[in-house]
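**Q** Handing you a structure now.
The values are calculated or read from the model by the stated rules, or taken from the named source; none is laboratory data. Note that this is a predicted model, so its numbers are computed, not measured. Note that we place each Cβ from the backbone using ideal geometry, even for glycine, and neighbour counts take in every protein chain shown.
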């Protein structure tokens, strides 16, 4: 028996939201955790951070970009179709407590998992700022949900088409100069999370980053998601995904990710050459 898709919609170009009937998955799900799904019987296992849950209804909300074979396959499914399987919740939940003033920084697709995180911090009694950043306004989504989940929402775009022109770090810097920030968490592209860590380092602001390296099995067995934190090897799937951002070797993670991308590009080129040869 598969997992029935209850609803699906396109949030912005090539980015989708689906809600799935998964009561046993959402029963113990918490902010910051993820699942691994398969869209078809022989499909690959793909990790996605949990975007939202409705425990009363037993439904799980996921947000994804259709960029690879499996996510493109997922994008073809509609309400009433089923996913072959979902494993989760996986990973350690974000540690939620009353810090005081919290800043959640969401870069691009990082907006989806940041929703539950910000909501949990607000419910714990924190003043929560949310800073959402994207290349352009077409890639900004869930503004209304985010406003409800935080005390104040800021939006930045690279081209200035929505909110403030620039990056999430410039809003963060302004907030730091304006008032005392007790905790920050960054979710998004590696360079963005590294920039946030560089900004808060030395300012007494405890900062975490939600790491999303290459992942295969999600149980710590394959080692693909290994990262170095304070000189020690950690696995994002079981030890994280949240880690002290000031202790992460971001350069190592970024370089390893580039290697995987280069290998994937070569594999794609070889496949195209084989097709041409036939």
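**Q** With within 22 Å of residue 212 (Cα to Cα), touching a residue at least 60 places away in the same chain (Cβ under 8 Å), crowded, with 19+ Cβ neighbours inside 10 Å and assigned by TED's automatic domain parsing to the domain that holds residue 81 as the only criterion, which of 39, 31, 22 stands out?
**A** Step by step, each of 39, 31, 22 is checked, and only 31 is within 22 Å of residue 212 (Cα to Cα), touching a residue at least 60 places away in the same chain (Cβ under 8 Å), crowded, with 19+ Cβ neighbours inside 10 Å and assigned by TED's automatic domain parsing to the domain that holds residue 81.
**Q** Give 71, 76, 61 a once-over and let me know the one that is without any contact (Cβ under 8 Å) to a residue 60 or more places away in the chain and surrounded by fewer than 16 Cβ atoms within 10 Å (Cβ to Cβ).
**A** Every option except 76 fails the conditions.
**Q** Hey, among the residues in segment 239-278 that are farther than 24 Å from residue 221 by Cβ and not in a helix (DSSP H, G or I), which one's modelled with the lowest pLDDT?
**A** Result: 278.
**Q** Got at least one residue in segment 48-55 being in a loop (DSSP other than H, G, I, E, B), at positive phi, at pLDDT 90 or above and surrounded by 15 or more Cβ atoms within 10 Å (Cβ to Cβ)?
**A** no
**Q** Which number in (1) more than 19 Å from residue 242 (Cα to Cα); (2) under 17 Å from the mean Cα position of the chain (by Cα); (3) surrounded by 20 or more Cβ atoms within 10 Å (Cβ to Cβ) marks the one condition that residue 83 misses?
**A** (2)
**Q** Being assigned by TED's automatic domain parsing to the domain that holds residue 42 and at pLDDT 90 or above is true for just one of 86, 131, 117. Which residue is that?
**A** Among 86, 131, 117, only 86 is assigned by TED's automatic domain parsing to the domain that holds residue 42 and at pLDDT 90 or above.
**Q** Taking segment 141-155 as the search range and keeping residues that are exposed (fewer than 13 other Cβ atoms within 10 Å of the Cβ) and in contact with a strand residue (DSSP E or B) (Cβ under 7 Å, 6 or more places away or on another chain), which one is modelled with the highest pLDDT?
**A** 152
**Q** Shifting gears a bit: So which of 69, 16 ends up being modelled with pLDDT of 90 or more and either farther than 22 Å from residue 206 by Cβ or assigned by TED's automatic domain parsing to the domain that holds residue 145 (or both)?
**A** 16
**Q** Please specify each residue of segment 156-178 satisfying the condition of being in a loop (DSSP other than H, G, I, E, B) and either modelled with pLDDT of 95 or more or on the phi > 0 side of the Ramachandran plot (or both).
**A** Matches in segment 156-178: 160, 163, 166.
**Q** Let me ask something else about it. I'd like the full set of residues that are assigned to a strand (DSSP E or B), within 11 Å of residue 253 (Cα to Cα) and under 18 Å from the mean Cα position of the chain (by Cα), limited to segment 223-238.
**A** Listed by number, the residues that qualify are 226, 227.
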